[in-house]
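Here's the structure we're looking at; comments come further down.
The values are calculated or read from the model by the stated rules, or taken from the named source; none is laboratory data. Computed from a predicted structure; not experimentally measured. Every residue, glycine as well, gets a Cβ built from its backbone with ideal geometry; the counts of neighbours run over all protein chains shown. The accessibility values were calculated without ligands, DNA or RNA, using every heavy atom of the protein model including side chains. Shrake-Rupley method; radii C 1.70, N 1.55, O 1.52, S 1.80 Å.
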Amino acid sequence: MERTLSIVKPDGVARGLIGEVVKRLEANDLKIAAMKMIHMTRSQAEGFYAVHKERPFFGSLTEFMSSGPCVVMVLEGENAIARYRELMGATNYKEADPGTIRADFATDIEKNVVHGSDAPETAAFEMGYFFNSFEIVG
Ligand code: ATP
Ligand code: MG
């Protein structure tokens, strides 16, 4: 069993895609172990994406991520990190495999509907950023 952090980003929430994302998670045997809606401040978004602080897109990304509410979730399942990233598709929706969330719904390399942790270490940091141990069931 492995856990990963999922976010329905502000574009996904604004466009009414929370249910669509959750439906795909449940259909693919990724159990939701924690879930809440948040609206990050700019500095909370900067802390979350600190690994990208030297990237040219950092300012725009953190502005976008703090522009509206997000749904943050902890997902649990066998090989959850890799399986959820497969469901998301490539960062650039133009390169994402057909049938993935980003191929089906993203409109922009930045506004790509969902986030998912990329490794066990980042998953641990990201889950701890939003949830304490009492908020994660299972
Ligand atoms: P995420 O971390 O959101 O799950 P990812 O791991 O596929 O996505 P990262 O390389 O970690 O991609 O980039 C984080 C986010 O920054 C991307 O999801 C996207 O919103 C934005 N981003 C990445 N590359 C670019 C870029 N070249 N231009 C603009 N925004 C970008
Ligand atoms: Mg990433």
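Set side by side, the residues Thr4, Thr41, Thr62 differ, and just one is polar (S, T, N, Q) and more than 27 Å from Pro120 (Cβ to Cβ), which is Thr41.
Table: residues versus (1) touching an Asp or Glu at 6+ places or on another chain (Cβ under 9 Å); (2) within 11 Å of ligand 1 (Cβ to nearest atom); (3) more than 14 Å from Lys9 (Cβ to Cβ); (4) modelled with pLDDT of 95 or more.
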{"site": "Ala80", "(1), (2), (3), (4)": "yes, no, yes, yes"}
{"site": "Arg85", "(1), (2), (3), (4)": "yes, yes, yes, yes"}
{"site": "Asn92", "(1), (2), (3), (4)": "no, yes, yes, yes"}
{"site": "His115", "(1), (2), (3), (4)": "yes, yes, no, yes"}
{"site": "Glu126", "(1), (2), (3), (4)": "no, yes, no, yes"}
{"site": "Phe130", "(1), (2), (3), (4)": "no, no, no, yes"}
{"site": "Gly138", "(1), (2), (3), (4)": "yes, no, yes, no"}
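For region 61-74, the tally of residues that are within 15 Å of ligand 2 (Cβ to nearest atom) and either touching a Phe, Trp or Tyr at 6+ places or on another chain (Cβ under 6 Å) or farther than 20 Å from Thr4 by Cα (or both) stands at 4.
Looking only at region 89-138, residues that are more than 21 Å from Gly59 (Cβ to Cβ) and of a type in the set (D, E, K, R) come to 8 in all.
In region 109-138, the residues that are at positive phi reach residues that are more than 16 Å from ligand 1 (Cβ to nearest atom) and open to solvent by 80 Å² or more (accessible area, probe 1.4 Å) with C-beta atoms within less than 9 angstrom, at least six apart or across chains, in these pairs: Gly138/Met1; Gly138/Lys31.
Take Val51 and tell me if it is surrounded by fewer than 16 Cβ atoms within 10 Å (Cβ to Cβ) and in contact (Cβ under 8 Å) with a residue 24 or more places away in the chain. Judged against the criteria, Val51 is a match.
Scanning region 1-33 for residues that are open to solvent by 30 Å² or more (accessible area, probe 1.4 Å) and not in a helix (DSSP H, G or I) turns up Met1, Glu2, Arg3, Arg15, Gly16, Asn28, Asp29, Lys31, Ile32. Go through region 82-119 residue by residue and tally those that are open to solvent by less than 80 Å² (accessible area, probe 1.4 Å) and under 17 Å from Met1 (Cα atoms). Here the count works out to 6.
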